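Asks: Quick one: the structure is below, and I'll ask about it shortly.
The values are calculated or read from the model by the stated rules, or taken from the named source; none is laboratory data. These numbers were taken from a predicted model, which means no experiment stands behind them. Note that each Cβ is placed from the backbone with ideal geometry, even for glycine, and that neighbours are counted across all protein chains shown.
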């Protein structure tokens, strides 16, 4: 069973539907007990980092997610959920993240050599460049397009990057540090490629069954 | 490199696609869900569901359809038509919409854009504008293009972006239905005025029109059309292949 962490940020309808579509048994939950029972955990999220981090903390869900991840359970952060995995974010002030992956989240325009003609947010389909093989990307080919919507990106995390997308420079698209995974893009909105990523993630935890 | 998006638009009335659609090998189809699946498989990058229903019963049917489509089609979905309040945003976002497009509702109540952007984020708020030339000036039209509001289109779009709109759909009334190409002159003005993604709508008659659009105006992010896709005059796979041949970044 895959637990989708519900901490009052964003819409979980499409994510739940996409997991159902590939045959994964998914529950939306705000209960640390359910997170403990789950084979895998997905941390979703849209909106602002500070607000999301505060909501995650207020229910004590941050501690539950960290302890499950540290115990070795596969965890996937999506979009803002991926950004929350890092140490800190500079979105409207400095906010502390979960600290599961070293690095920090900074505005796209702070990228060295940022091309000022590009639009922010980075919205749309962009091809992935796979930089390191990962079980999360086992059904993905180099150049497959996925759907991005974001204005901030994860920096200083080169060691854990498994895929990038080109937007001015190399934007962190997916990361893996042991059993902790993250995608800046939305797999639940990235067509068959995205469904393949969710399927691969489910297979990491559930012993091959979704 | 971000790809240029191709977006079919489905007009939905009382839960069915208006006029229906006839595809070779698919027959007559008026189910928005089946059509959404078809387009998604064909390579559409995003879909717009436009609700042209007036009744409350029709609205309920529309959200049921939207939920069903969102549970089977995993590409971004934009919903437009009848969006007048934050409750309308809520109603369609809960059913799997990713973006909500406002048009007449924002003209009646311009603060709707800002309120929605604060609650749901700018990436969720699309400002759709129907524009026609009046005495050589671009003017905003309301009520499906029937009523001249007197608003200057470029000023209205700039104001919408300042309020928090994250994307602009430019519907040219002058080129709509003519099938002789997008309104490049109008689109160039919009691209110069704002830095958010711009979606061109109105006038596509052939694959060449999309190629001309993206080659002439690199600032345009997406092309939207309805009937040329519905009646099979343009097949999305052929369009994407032509874009790739012409060096326009496309998701294959």
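Asks: So residue B:113 fits all but one of (1) in a helix (DSSP H, G or I); (2) at pLDDT 95 or above; (3) out of contact with any strand residue (DSSP E or B) (no Cβ under 7 Å at 6 or more places or on another chain); what number is the exception?
Replies: (3)
Asks: For residue B:167, all conditions in the list (1) modelled with pLDDT of 95 or more; (2) farther than 17 Å from residue B:48 by Cβ hold save one; what is the number of the exception?
Replies: (2)
Asks: Can residue B:208 be described as surrounded by fewer than 20 Cβ atoms within 10 Å (Cβ to Cβ), farther than 28 Å from residue B:17 by Cα and over 15 Å from the mean Cα position of the chain (by Cα)?
Replies: Numbers: surrounded by fewer than 20 Cβ atoms within 10 Å (Cβ to Cβ): yes; farther than 28 Å from residue B:17 by Cα: no; over 15 Å from the mean Cα position of the chain (by Cα): yes.
Answer is no for this residue.
Asks: Being over 25 Å from residue A:149 (Cβ atoms) and either out of contact with any strand residue (DSSP E or B) (no Cβ under 9 Å at 6 or more places or on another chain) or not in a helix (DSSP H, G or I) (or both) is the filter here; which residues of the stretch A:37-54 pass it?
Replies: A:38, A:39, listed by residue number.
Asks: If you go through the stretch B:10-32, how many residues are buried (at least 17 other Cβ atoms within 10 Å of the Cβ) and either modelled with pLDDT of 95 or more or assigned to a loop (DSSP other than H, G, I, E, B) (or both)?
Replies: 2
Asks: Just to be sure, is residue B:63 more than 14 Å from residue B:9 (Cα to Cα), outside any strand (DSSP E or B) and within 12 Å of chain A (Cβ to nearest Cβ)?
Replies: yes
Asks: Okay, moving on. Could you go through the stretch A:182-190 and let me know if any residue there is closer than 21 Å to residue A:87 by Cβ and part of a strand (DSSP E or B).
Replies: Yes, there is a match, as at least one residue in the stretch A:182-190 is closer than 21 Å to residue A:87 by Cβ and part of a strand (DSSP E or B).
Asks: Do we have residue A:173 as surrounded by fewer than 21 Cβ atoms within 10 Å (Cβ to Cβ), touching a residue at least 40 places away in the same chain (Cβ under 8 Å), more than 10 Å from chain B (Cβ to nearest Cβ) and within 30 Å of residue A:71 (Cα to Cα) here? Spell out the reasoning first.
Replies: On the way: surrounded by fewer than 21 Cβ atoms within 10 Å (Cβ to Cβ): no; touching a residue at least 40 places away in the same chain (Cβ under 8 Å): yes; more than 10 Å from chain B (Cβ to nearest Cβ): yes; within 30 Å of residue A:71 (Cα to Cα): yes.
No: the conditions fail for residue A:173.
Asks: Answer yes if at least one residue in the stretch B:211-218 is buried (at least 23 other Cβ atoms within 10 Å of the Cβ), within 22 Å of residue A:147 (Cβ to Cβ) and within 12 Å of chain A (Cβ to nearest Cβ), and no otherwise.
Replies: no
Asks: Taking the residues in the stretch B:66-76 that are part of a helix (DSSP H, G or I) and within 18 Å of the chain's Cα centre (by Cα) as candidates, determine which candidate is farthest from residue A:17 (Cα to Cα).
Replies: Filtering the stretch B:66-76 for residues that are part of a helix (DSSP H, G or I) and within 18 Å of the chain's Cα centre (by Cα), the one farthest from residue A:17 (Cα to Cα) comes out as B:66.
Asks: Across the stretch B:77-95, which residue is nearest to the other protein chains (Cβ to nearest Cβ) among those that are in contact with a strand residue (DSSP E or B) (Cβ under 6 Å, 6 or more places away or on another chain) and in a loop (DSSP other than H, G, I, E, B)?
Replies: Taking the candidates together, the pick is B:83.
Asks: Working only within the stretch B:160-192, note down all residues that are within 14 Å of another protein chain (Cβ to nearest Cβ) and touching a strand residue (DSSP E or B) at 6+ places or on another chain (Cβ under 9 Å).
Replies: B:161, B:164, B:165, B:166, B:167, B:168, B:169, B:190, B:191
Asks: Something else: Within the set of pairs 6 or more residues apart or between chains, which connect a residue that is away from chain A (no Cβ under 12 Å) inside the stretch B:114-134 to a residue that is in a strand (DSSP E or B) and surrounded by fewer than 20 Cβ atoms within 10 Å (Cβ to Cβ) with Cβ atoms less than 8 Å apart?
Replies: These pairs meet every condition: B:130/B:142; B:131/B:139; B:132/B:139; B:132/B:148; B:133/B:139; B:134/B:148.
Asks: Which strands (runs of 3 or more DSSP E) does the stretch A:55-153 wholly contain that include 2 or more residues that are closer than 25 Å to residue B:74 by Cα?
Replies: A:75-78, A:122-127, A:145-150
Asks: With the checklist (1) farther than 24 Å from residue B:37 by Cβ; (2) surrounded by 19 or more Cβ atoms within 10 Å (Cβ to Cβ); (3) at pLDDT 95 or above in hand, flag the one item residue A:187 doesn't pass.
Replies: Exception for residue A:187: condition (1).
Asks: Which one is surrounded by the most Cβ atoms within 10 Å (Cβ to Cβ), of the residues in the stretch A:46-77 that are within 14 Å of another protein chain (Cβ to nearest Cβ) and in contact with a helix residue (DSSP H, G or I) (Cβ under 7 Å, 6 or more places away or on another chain)?
Replies: A:52
Asks: Right, next: Can you name the residue in the stretch A:21-36 that is part of a helix (DSSP H, G or I) and away from chain B (no Cβ under 14 Å) and, of all such residues, is surrounded by the most Cβ atoms within 10 Å (Cβ to Cβ)?
Replies: A:35
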